[in-house]
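Novice: What follows is a structure written as structure tokens; I'll ask about it next.
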Amino acid sequence: MRAATLTTKKRARAGKPKAQQLSVSPPLEPGAPSDLDLMQAIQAQDPDALAQLYDRYNGILKALILRVVHNEAEADDLLQEIFMEIWNQAKNFSAQKGKPLGWMVTLARRRAIDGLRKKQAYARAEERLQSETEQQPDAWVHNATEEAIVLGDTRALMRKVIDGLPPAQQQAIDLAFFHGMSQREIAAKTNTPLGTVKTRLELGLKKIYDGLKELRDEL
Amino acid sequence: MSFEEFQNQSRLYVIGALEPEELEEFETARAKFGKKAEDFITECYGLHEAFALSLRPAKSSAAIKERLMSMVRARKEA
């Protein structure tokens, strides 16, 4: 299936998955192929579909990678590797288990954290993170209010949910999700009791989960 | 473990934040709750998407896409 035909194709309704991911996807241009259409075309070895998926999500995935590795050149290399992996692993994607973007983000995050560790850059990144954290204690949240005003998009909605958390919960989630740290590592890094870290993670993730659910129901 | 506790653990599980000693208990509860547990875990993976979408998209050079696409086309033809 060529991507050119996908652009005019009506969105395929592949049957409602039994379990749905908690997802608020970015809006698409009218007539544009859905992410699922593109994944199916990639599974059928259509390079143009991968090019379209790249155009749609390279910015989001690179931002995620950068948040993990804190290095532009490494992020570019990883971005290319991740899209190559998407091409190679597309056959393992199942719409029953979630949406294409969720699958790609999971893959990108895992690869970025692995890459960080393999290149033994962890210590350097930690130093950079430490420095950033000292300069900007809630570094995950930058100018969220301004963004929310300027942007009426998915990102602003996501930020609104995340920004509703106390900074300590945001920091714990940031260290766990973007830096792949365990609860013990977070406890050591933030000089906080392990039980407190666990509580912060549990409360923070539940609030985000509930917030996203409300958001999804509203849309 | 109650299902509510399992839900809390699931959210930690999907971001890889469960400690090894918690994982064993989690897997036991996962087996106990069966399909309901699997559905909830699937739903929780949506958190990954949400975290990524909360970031300001970053620019990447056109050269990356060119390199990627030439690699993909070469692999397809091989």
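The values are calculated or read from the model by the stated rules, or taken from the named source; none is laboratory data. What you see is a predicted model, and the numbers here were worked out from it, not measured in a lab. Every residue, glycine as well, gets a Cβ built from its backbone with ideal geometry; the counts of neighbours run over all protein chains shown. Ligands, DNA and RNA are excluded from the accessible area calculation, which covers all protein heavy atoms including side chains. Shrake-Rupley method; radii C 1.70, N 1.55, O 1.52, S 1.80 Å.
Novice: Check off (1) modelled with pLDDT of 90 or more; (2) at the interface with chain B (Cβ under 9 Å from one of its Cβ atoms); (3) over 22 Å from B:F40 (Cα atoms) for A:P167 and give me the number that stays unchecked.
Specialist: A:P167 satisfies every listed condition except (2).
Novice: Yes or no: A:M84 open to solvent by 10 Å² or more (accessible area, probe 1.4 Å) and at pLDDT 90 or above?
Specialist: Here the answer is yes, as A:M84 does meet what is asked.
Novice: A further question follows. Do we have B:L18 as surrounded by 20 or more Cβ atoms within 10 Å (Cβ to Cβ) and facing chain A (nearest Cβ under 7 Å) here?
Specialist: no
Novice: Let me ask you something else. Filter the range B:62-78 for residues that are within 7 Å of chain A (Cβ to nearest Cβ) and open to solvent by 10 Å² or more (accessible area, probe 1.4 Å) and give the result.
Specialist: The answer is B:K65, B:R67, B:M69, B:M71, B:R73, B:K76.
Novice: Only one residue in B:L47, B:L55 is closer than 19 Å to A:V161 by Cα and not in a helix (DSSP H, G or I). Which one?
Specialist: B:L55 is the lone residue from the list that is closer than 19 Å to A:V161 by Cα and not in a helix (DSSP H, G or I).
Novice: Could you check, for the range B:5-15, whether at least one of its residues is at pLDDT below 90 and within 10 Å of another protein chain (Cβ to nearest Cβ)?
Specialist: Looking for residues that are at pLDDT below 90 and within 10 Å of another protein chain (Cβ to nearest Cβ), one finds none in the range B:5-15, hence no.
Novice: For the range A:66-79, which residues satisfy the criterion of being crowded, with 19+ Cβ neighbours inside 10 Å and at the interface with chain B (Cβ under 9 Å from one of its Cβ atoms)?
Specialist: A:L66, A:R67, A:A75, A:D76, A:L79
Novice: A further question follows. Of everything in the range A:200-210 that's of a type outside the set (A, V, I, L, M, F, W, C) and under 14 Å from B:E43 (Cβ atoms), which residue is least open to solvent (accessible area, probe 1.4 Å)?
Specialist: My answer is A:Y209.
Novice: I'd like the full set of residues that are assigned to a helix (DSSP H, G or I), surrounded by fewer than 19 Cβ atoms within 10 Å (Cβ to Cβ) and among the small types (G, A, S), limited to the range A:163-186.
Specialist: Selection gives A:A168 alone.
Novice: Quick one: what pairs do we get from the range B:12-27, first residue within 19 Å of A:R111 (Cβ to Cβ), second open to solvent by 30 Å² or more (accessible area, probe 1.4 Å), C-beta under 6 Å, 6+ apart or different chains?
Specialist: B:V14/B:Y45
Novice: Listed residues A:A95, A:A63, A:A51, A:A44; which is open to solvent by less than 50 Å² (accessible area, probe 1.4 Å), of a type in the set (A, V, I, L, M, F, W, C) and more than 7 Å from every other protein chain (Cβ to nearest Cβ)?
Specialist: Within the list A:A95, A:A63, A:A51, A:A44, the selection yields A:A95.
Novice: Just give me the residues in the range A:170-198 being more than 10 Å from chain B (Cβ to nearest Cβ) and either farther than 24 Å from A:R111 by Cβ or under 17 Å from the mean Cα position of the chain (by Cα) (or both), in sequence order.
Specialist: Correct list: A:Q170, A:Q171, A:H179, A:A187, A:A188, A:T190, A:N191, A:T192, A:P193, A:G195, A:T196.
Novice: Failed condition for A:Q96, given (1) modelled with pLDDT under 90; (2) closer than 21 Å to B:A63 by Cα, with all others met?
Specialist: Against the list (1) modelled with pLDDT under 90; (2) closer than 21 Å to B:A63 by Cα, A:Q96 comes up short only on (2).
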